[in-house]
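The values are calculated or read from the model by the stated rules, or taken from the named source; none is laboratory data. Worth saying up front: this structure is predicted, and the values here are computed from it rather than measured. Glycine gets a Cβ as well: all are built from the backbone with ideal geometry, and neighbour counts include every protein chain shown.
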Amino acid sequence: MRTQYRLMATSAAALTLICGATPAFAGLVINPVFDSSITSDPNSAAIQNSINSMISLYQAKFTDNITVKVYFQKGGGLGSSTFGYYWNNASVAISAMTADATSADDAVAVSHLGTNVFGSVAYTSANGRALGLDTPGFLSAGGGDGFDGIISLNTGICFTTHDSPVAGQFDLYSAAAHELDEVLGTPSGASGALAFAPDLYRYDGGGNRSFSGDTAAHAYFSIDSTTLINEYNQFGRTDGDWGDWVAHSPSQTQDWTINSGITINPGEPEFRLLDVIGYNRAPVPEPASMTVLALGAIALIRKRSKK
């Protein structure tokens, strides 16, 4: 069985300004707030554990010194997200991406931004802050405000133990990751008038920008216009979001429709996209460093167990 994601986006007409010097990176913090539809569920602990485990992965992958506030609730379909966004002249986003470049992918990506063809570019509130822009979250939910995104998940059709798939059910961990990607900044404005940050890296198979929303044409995520990292949900599109990937086998987290009964891990295409739109990848420890870290963790666990 396959199911598909749906996206709801909310807009904000707001100008943004480049902030002052970005502070030293301390690490990405994603602050989840759970709606009563989740906290009152008999399986609430397992649902929250699955979501929190997914959040821990993203916090470990990126080092941006920002806090992203996300409201989680139950909903229909498999999952959907509402996110606030800002827009400004494309030069603002391009300048911010250039100043924020820290990885090898960033260096390649920004070297191709001179061919920008967009008048304006939008970015989610979380993405804007990752770029060093003044883009506070402004969504309200559950009596609170200042949220960057509201994520709805159909927990009733999902299994909650990520490494123990259940036949006929979907991976809640991956479904939550799919929606979090969009809150962080992966939507596309293809077929519309307003481009989003990822559309700066949306190409056809011939090295040309792709933003038409023509379902008879293919569109790809590429950082250099020629190396095609993944295909977007455009050719033959019948549903799903323009910023989703096509359906893969096996399924990938950002696919527009996925299979049930399997574990799906967020992958490099999503992480590379987040990287080039403004998020900073955490360095991968050298093998020797990893060994030292592991030994330190074991020692710490032993010390606590003695207490």
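Conditions (1) closer than 28 Å to residue 132 by Cβ; (2) surrounded by 22 or more Cβ atoms within 10 Å (Cβ to Cβ); (3) touching a His at 6+ places or on another chain (Cβ under 9 Å), marked per residue:
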| position | (1), (2), (3) |
| --- | --- |
| 225 | yes, no, yes |
| 244 | yes, yes, yes |
| 262 | no, no, no |
| 271 | yes, no, no |
| 275 | yes, yes, no |
| 279 | yes, yes, no |
| 282 | yes, no, no |
Checklist entry - For residue 163, are the conditions met, namely being part of a loop (DSSP other than H, G, I, E, B) and within 24 Å of residue 57 (Cβ to Cβ)? => result yes
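Does segment 159-168 include one or more residues that are within 19 Å of the chain's Cα centre (by Cα) and of a type in the set (A, V, I, L, M, F, W, C)? Before you say what the answer is, go through the steps one by one.
Pass one, segment 159-168, residues within 19 Å of the chain's Cα centre (by Cα): 162.
Within this subset, residues satisfying the condition of being of a type in the set (A, V, I, L, M, F, W, C) are none.
No: segment 159-168 contains no residue that is within 19 Å of the chain's Cα centre (by Cα) and of a type in the set (A, V, I, L, M, F, W, C).
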Checklist entry - Just a yes or no: is a residue in segment 240-256 free of Cβ contacts under 8 Å to residues at least 40 places away in the same chain and touching a Leu at 6+ places or on another chain (Cβ under 7 Å)? => result no
Checklist outcome for this item: Restricting segment 123-134 to residues that are closer than 17 Å to residue 198 by Cα and of a type outside the set (Gly, Ala, Ser), the one farthest from the chain's Cα centre (by Cα) turns out to be 133
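This table checks each residue for (1) buried (at least 23 other Cβ atoms within 10 Å of the Cβ); (2) closer than 23 Å to residue 137 by Cβ; (3) among the charged types (D, E, K, R); (4) without any contact (Cβ under 8 Å) to a residue 12 or more places away in the chain.
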position: 160; (1), (2), (3), (4): no, no, no, no
position: 173; (1), (2), (3), (4): yes, no, no, no
position: 183; (1), (2), (3), (4): yes, yes, no, no
position: 204; (1), (2), (3), (4): no, no, yes, no
position: 215; (1), (2), (3), (4): no, no, no, no
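Here's the yes/no breakdown for (1) of a type outside the set (Phe, Trp, Tyr); (2) closer than 16 Å to residue 275 by Cα; (3) more than 19 Å from the chain's Cα centre (by Cα):
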position: 98; (1), (2), (3): yes, yes, yes
position: 112; (1), (2), (3): yes, yes, yes
position: 117; (1), (2), (3): yes, no, yes
position: 121; (1), (2), (3): yes, no, no
position: 141; (1), (2), (3): yes, no, yes
position: 150; (1), (2), (3): yes, no, no
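Condition (residue is free of Cβ contacts under 8 Å to residues at least 24 places away in the same chain, of a type in the set (A, V, I, L, M, F, W, C) and in a loop (DSSP other than H, G, I, E, B)) applied to segment 221-232: is it met by at least one residue?
First, pick out the residues of segment 221-232 that are free of Cβ contacts under 8 Å to residues at least 24 places away in the same chain: 222, 226-227, 231.
In the following step, the residues that additionally are of a type in the set (A, V, I, L, M, F, W, C) were identified as none.
No: segment 221-232 contains no residue that is free of Cβ contacts under 8 Å to residues at least 24 places away in the same chain, of a type in the set (A, V, I, L, M, F, W, C) and in a loop (DSSP other than H, G, I, E, B).
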Next on the checklist: Condition (residue is of a type outside the set (Asp, Glu) and either touching a Lys or Arg at 6+ places or on another chain (Cβ under 8 Å) or on the phi > 0 side of the Ramachandran plot (or both)) applied to segment 81-96: is it met by at least one residue?
Outcome noted: no
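Would it be correct to say that residue 211 is at pLDDT below 95 and crowded, with 18+ Cβ neighbours inside 10 Å?
On the way: at pLDDT below 95: yes; crowded, with 18+ Cβ neighbours inside 10 Å: yes.
In short, yes.
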Next on the checklist: Can you tell me which residue is farthest from residue 156 (Cα to Cα) among those in segment 42-61 that are of a type in the set (A, V, I, L, M) and in contact with a Leu (Cβ under 8 Å, 6 or more places away or on another chain)?
Outcome noted: 55
